[in-house]
Every structure is written in structure tokens, then in C-alpha cells.
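*Asks:* Please see the structure below; I have some questions.
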Amino acid sequence: MSRRDDMESLAYSIMCLVDITLLPWHGIDNMTELTTQKKKFFELGYDETFMSGGSKRDHHIIKNLRETLLVYTRELKFEEAPDYERTKKMIEDSFKLENFI
């Protein structure tokens, strides 16, 4: 495991705290299907196909975290140290955009 893996786990954990039921793999027990849903989420983005239930604000927070924090994390090289100040700003901005904090 690398710091990149830790950062990706952080991104998904924050999304779960916003509203776990909005993530497309929520409630899936089959590991193959779960992996497929996560891959779709990353490659296709978070759009209207995932927007059932939950508040519009929560959808926007998750979409923004995916487009900033998760994409940044996936671009890190295995041994590369994350820019923690940038990471903190991405998280804060995702919530500030929706007047969450």
C-alpha cells in the first residue's frame, strides 16, 4: 500500500460520510460487481445516472470530490508524496461550494 492508496481510501470515506447510499456500489456484496461499479464511477463520472435519492447538495459534494480529490489521487505516482495542503483545500472547497461549511 502507498500514500496514494491511503488518499483514495480517504476520498471514498469522505464520500461515504456525505451519504453512503448515493454511491453506486452501496449494498453490493458481489466483489466483481462492486469493482465494476467503482470503475464505472471513476471512468464515467458522477452524473444523472447515479442521482436517485438524497439531496442535490450531497450529490454535488460527491461529484466535486470525485472530480477533484479522487482524480488528483489517481494521478499520483506510487511513491509520490501527496500535496496535503492541496488535498485539504479540495475537500474544503467541495463542501464550501454547497454551503455545507
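The values are calculated or read from the model by the stated rules, or taken from the named source; none is laboratory data. No experiment lies behind these values; they were computed from the predicted model shown. Here the Cβ positions follow ideal geometry from the backbone for every residue, glycine too, while neighbour counts run over all protein chains shown.
*Asks:* What number of residues within segment 3-35 are in contact with a helix residue (DSSP H, G or I) (Cβ under 8 Å, 6 or more places away or on another chain), surrounded by fewer than 16 Cβ atoms within 10 Å (Cβ to Cβ) and either of a type in the set (D, E, K, R) or modelled with pLDDT of 90 or more (or both)?
*Replies:* 1
*Asks:* Moving on. Whether any residue in segment 84-94 is in contact with a helix residue (DSSP H, G or I) (Cβ under 7 Å, 6 or more places away or on another chain) and outside any helix (DSSP H, G or I) is what I want to check.
*Replies:* No, the conditions are met nowhere in segment 84-94.
*Asks:* Which members of segment 69-85 meet the condition of being surrounded by 12 or more Cβ atoms within 10 Å (Cβ to Cβ) and either among the basic types (K, R) or over 14 Å from V18 (Cβ atoms) (or both)? Let's see the steps before the verdict.
*Replies:* Step one: filter segment 69-85 for residues surrounded by 12 or more Cβ atoms within 10 Å (Cβ to Cβ), giving 69-74, 76, 82-83.
Selection gives V71, Y72, T73, R74, L76, P82, D83.
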